[in-house]
Amino acid sequence: MVALKECAGEADVSVLAEDYVRLFGPAARVPLTETSWGDMGRMLGKAAQLADISAFYHAFNARPLVGRETVPEDHLVMELEFISILCLKEAHALNQGLERELQITCDAQKKFLQDHLATWTGDWMEQLVDQAPAPFYQCVGEALQTLIRAEIARLGVEPVPIHGRCRDRELGADSFTCPMAPRG
């Protein structure tokens, strides 16, 4: 985490802004949403994935804000915030000796990491590194991976990694070709 602090202190805001758009903006090379990762079958199950994520949030009364500045349920920020809420609930249950609540919270942490957050962030980090990001984003990605790996080890979960980005091969894998254009 010291490296992250150093990277933040040395970061040029204009470079970060430009790199953010390149990496995570509208034509994201490294999308920040879980359902952007995986194979075509996973893409077809996007509604089910989002419903499952939303069910976790609902079960713990963690409701995303609604309005202009909202992000999708499967956005990295939302998933990290949800895990942080579960960690706080775990700490509270431990402190108060609430065994049932502790078990429920730990089970949810394990399931959410195994089925969601920890499935796609490994490949996300690999793709981020491949894009040669600004040092700050590299440091953020490394810190994120360190934290997620620590939670995987602490909770003893074995997520099945998702590899690659969802691309619709039938539609040209994120490209548009005019049907009226001459074929060559």
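The values are calculated or read from the model by the stated rules, or taken from the named source; none is laboratory data. This is a predicted model, so every value here is computed, not measured. Here the Cβ positions follow ideal geometry from the backbone for every residue, glycine too, while neighbour counts run over all protein chains shown.
Within region 90-102, not a single residue is assigned to a helix (DSSP H, G or I), without any contact (Cβ under 8 Å) to a residue 40 or more places away in the chain and either within 20 Å of PRO64 (Cβ to Cβ) or in contact with a Gly (Cβ under 6 Å, 6 or more places away or on another chain) (or both). Residue check: GLY141 meets all listed conditions (1) surrounded by fewer than 18 Cβ atoms within 10 Å (Cβ to Cβ); (2) part of a helix (DSSP H, G or I) but one, namely (1).
Would it be correct to say that PRO179 is modelled with pLDDT of 60 or more, assigned to a loop (DSSP other than H, G, I, E, B), over 13 Å from the mean Cα position of the chain (by Cα) and not aliphatic (A, V, I, L, M)?
Values: modelled with pLDDT of 60 or more: no; assigned to a loop (DSSP other than H, G, I, E, B): yes; over 13 Å from the mean Cα position of the chain (by Cα): yes; not aliphatic (A, V, I, L, M): yes.
So PRO179 does not fit the description; no.
The residue list LEU80, LEU76, LEU4, LEU94 contains one member that is out of contact with any Pro (no Cβ under 7 Å at 6 or more places or on another chain), among the hydrophobic types (A, V, I, L, M, F, W, C) and over 22 Å from GLU142 (Cβ atoms), which is LEU94.
For the criterion of being of a type in the set (D, E, K, R) and not in a loop (DSSP other than H, G, I, E, B), GLU158 fails. Figure legend. Inter-residue proximity from region 66-81: first residues within 16 Å of ALA51 (Cα to Cα), second residues β-branched (Val, Ile, Thr), beta-carbon distance below 7 Å, spacing 6+ or different chains. Indicated pairs: VAL71/VAL77; PRO72/THR33; GLU73/ILE53; ASP74/THR33; ASP74/THR35; ASP74/ILE53; HIS75/THR33; MET78/VAL71.
Pairing each residue of region 4-32 that is touching a residue at least 12 places away in the same chain (Cβ under 8 Å) with any residue that is basic (Lys, Arg) and part of a helix (DSSP H, G or I), provided the two are 6+ apart or on different chains, yields C-beta distances under 8 Å for ARG29/ARG22. Scanning region 18-54 for residues that are exposed (fewer than 11 other Cβ atoms within 10 Å of the Cβ) and either more than 22 Å from GLN127 (Cα to Cα) or of a type in the set (Gly, Ala, Ser) (or both) gives ALA27, GLY41, ALA47.
Here are some residues: LEU50, LEU4. Which one is modelled with pLDDT under 90 and part of a helix (DSSP H, G or I)? Before you say what the answer is, go through the steps one by one.
Numbers: LEU50 fails: modelled with pLDDT under 90.
Only one candidate passes the filter, namely LEU4.
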